[in-house]
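Q: Just passing along the structure, written as structure tokens.
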Amino acid sequence: MLDAKKIAVLGAGTMGPGIAQTYAAAGYEVWLYSRTEKTLQRAQSLIGSSLQFLAEEEMVEDAQSTAARIHYTTDIAQAVQATW
């Protein structure tokens with residue numbers, strides 16, 4: 001079995017941001033894909049708010065590093081290729 005440390009999350013709607021954040025918090029490099037920039041901006045805002053809350057409650061060790069591991073793209077090929 002491969003020891004993958006890069007993840008592509010295809011879809012930034014309801015569940016995608018949470019999945020991306022969870023993997024990033026676990027140390028994975030994450031590429032979050034959406035068809036529209038608007039959805040990616042919403043996802044980035046949700047993740048930022050969530051990480052800020054978790055940091056304030058001391059429930060996450062390094063919110064900035066977690067956020068930095070998440071990359072946002074509207075190019076599906078870039079998201080998937082980045083995980084190879």
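The values are calculated or read from the model by the stated rules, or taken from the named source; none is laboratory data. For clarity, every value in this text was computed on a predicted model and none was experimentally measured. As a convention, Cβ positions derive from the backbone with ideal geometry for all residues, glycine included, and neighbour counts pool all protein chains shown.
Q: In the stretch 53-82, which residues are touching an Asp or Glu at 6+ places or on another chain (Cβ under 8 Å) and among the hydroxyl-bearing types (Ser, Thr, Tyr)?
A: The one that is touching an Asp or Glu at 6+ places or on another chain (Cβ under 8 Å) and among the hydroxyl-bearing types (Ser, Thr, Tyr): Thr74.
Q: Here's another thing I want to ask about it. Quick one: in the stretch 28-44, of everything that is over 11 Å from the mean Cα position of the chain (by Cα) and of a type outside the set (D, E, K, R), which residue is farthest from Ala77 (Cα to Cα)?
A: Looking at the filtered set, the residue picked out is Gln41.
Q: Now for a different question. How many residues does the stretch 8-39 contain that are touching a strand residue (DSSP E or B) at 6+ places or on another chain (Cβ under 7 Å) and of a type in the set (D, E, K, R)?
A: So the answer is 1.
Q: Next up: If Val60 satisfies every condition in (1) surrounded by 12 or more Cβ atoms within 10 Å (Cβ to Cβ); (2) at pLDDT below 95; (3) out of contact with any helix residue (DSSP H, G or I) (no Cβ under 9 Å at 6 or more places or on another chain) but one, which is the exception?
A: The one condition Val60 does not meet is (3).
Q: Are any residues in the stretch 17-50 over 21 Å from Gln64 (Cβ atoms) and either in contact with a Cys (Cβ under 6 Å, 6 or more places away or on another chain) or buried (at least 16 other Cβ atoms within 10 Å of the Cβ) (or both), and if so, which ones?
A: Tyr33, Ser34, Thr39
Q: I would also like to ask the following. Could you list all residues from the stretch 10-27 that are closer than 11 Å to Tyr72 by Cα and either in a helix (DSSP H, G or I) or without any contact (Cβ under 8 Å) to a residue 40 or more places away in the chain (or both)?
A: Residues satisfying the conditions are Gly11, Pro17, Ala20.
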